[in-house]
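Notes follow the structure.
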Amino acid sequence: EDKVVQSPLSLVVHEGDTVTLNCSYEVTNFRSLLWYKQEKKAPTFLFMLTSSGIEKKSGRLSSILDKKELFSILNITATQTGDSAIYLCAVFTNAGKSTFGDGTTLTVKP
Amino acid sequence: SQTIHQWPATLVQPVGSPLSLECTVEGTSNPNLYWYRQAAGRGLQLLFYSIGIDQISSEVPQNLSASRPQDRQFILSSKKLLLSDSGFYLCAWSTGTGDTQYFGPGTRLTVL
């Protein structure tokens with residue numbers, strides 16, 4: 001059975017802190033790993049990773065994949081209160097199936 | 001540009017009643033379509049996905065069903081709701097060759 005585990009489950013930091021969110025996976029026929037940010041309602045896409053060692057970056061957010069050790073990290077630098085959200089990791093297989101982790105709830109305090 | 005619509009936004013239904021949630025996509029053709037359910041504090045559980053009209057795969061056996069009567073329309077149904085069907089239901093689409101999914105606004109279903 002495909003499995004995606006995110007850690008920590010929740011995290012409280014202060015503005016300006018840097019955070020690292022983790023996602024490990026065990027799937028058959030891995031194709032890609034995606035990160036999403038979910039605030040009040042629908043998740044919004046952040047990154048898609050398919051190759052090991054290549055960092056994807058968007059502003060203060062960055063992510064990298066390690067296909068040998070089967071994990072990915074999402075980094076957020078200089079956090080702001082607007083970064084407070086649930087961050088979801090999902091893995092897709094070659095068959096097009098997706099498996100989501102339970103998410104990390106990030107709270108950034110002013 | 002592409003947009004995805006879901007309705008209703010919220011729904012309160014009694015146990016044993018039927019369910020129909022609708023999702024439509026605009027601005028793209030032949031999308032892959034997905035139904036997910038999210039329980040409170042949890043990630044997304046894939047319920048159904050479809051790569052074309054009348055081509056639907058079910059991931060979790062349960063009392064829900066899905067249909068895709070048109071290319072850009074995806075419907076989630078139940079004949080008799082259970083308490084455990086409560087949750088946040090999300091529809092999503094992606095292109096046939098990519099995994100980036102775009103989500104609708106979701107339907108919050110409460111079964112009493």
* Asked: Which aspartates and glutamates does A:K109 reach when only Cα atoms under 19 Å apart count, and residues fewer than 8 places away in its own chain are ignored?
  -> A:E15, A:D17, A:E39, A:D83
* Asked: Too long at a 25 Å Cα-Cα cut-off: which of A:K40/A:K68; A:K41/A:K97; A:K3/B:K80; A:K97/B:K80?
  -> A:K40/A:K68; A:K3/B:K80; A:K97/B:K80
* Total formal charge among the other residues, if their Cβ is under 14 angstrom from that of A:E1, Lys/Arg +1 and Asp/Glu -1 -> -1
* With the Cα gyration tensor of segment A:57-110 in hand, give its eigenvalues times 5 under a square root as the equivalent ellipsoid semi-axes, listed largest first in whole angstrom. => 25, 14, 9
* Whole number in Å², please: accessible area per residue of segment A:4-45, 1.4 Å probe, ligands, DNA and RNA not counted. => 52 Å²
* **D (Stokes-Einstein, µm²/s), Kirkwood Cα radius, segment B:47-107, 1.002 mPa s at 20 °C** => 169 µm²/s
* To do: Compute the distribution of all C-alpha to C-alpha distances in chain B, in bins of 5 Å from 0, and list the percent of pairs in each, rounded to whole numbers.
  => 2, 13, 24, 27, 19, 10, 4, 1, 0
* Would you mind telling me the share, in percent, of accessible area of segment A:1-40 contributed by carbon and sulfur at probe 1.4 angstrom? => 45 percent
* Asked: Considering every pair of different Cα atoms, what Kirkwood radius, in Å, is found for the protein assembly as shown?
  -> 18.0 Å
* Structure fact -> With a 1.4 Å probe and ligands and nucleic acids left out, the total accessible area lost when A pairs with B, in Å² to the nearest 100, equals 1600 Å²
* Counting only protein heavy atoms, what percent of the accessible surface of segment B:3-111 is carbon or sulfur at a 1.4 Å probe? -> 54 percent
* Using the C-alpha gyration tensor of chain A, what are the square roots of 5 times its eigenvalues, in whole angstrom, with the largest one first? -> 24, 14, 12
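The values are calculated or read from the model by the stated rules, or taken from the named source; none is laboratory data. Model, not experiment: these values are computed from the prediction. Note that each Cβ is placed from the backbone with ideal geometry, even for glycine, and that neighbours are counted across all protein chains shown. These accessible areas exclude ligands, DNA and RNA; they are computed on the full protein's heavy atoms, side chains included. Shrake-Rupley method; radii C 1.70, N 1.55, O 1.52, S 1.80 Å.
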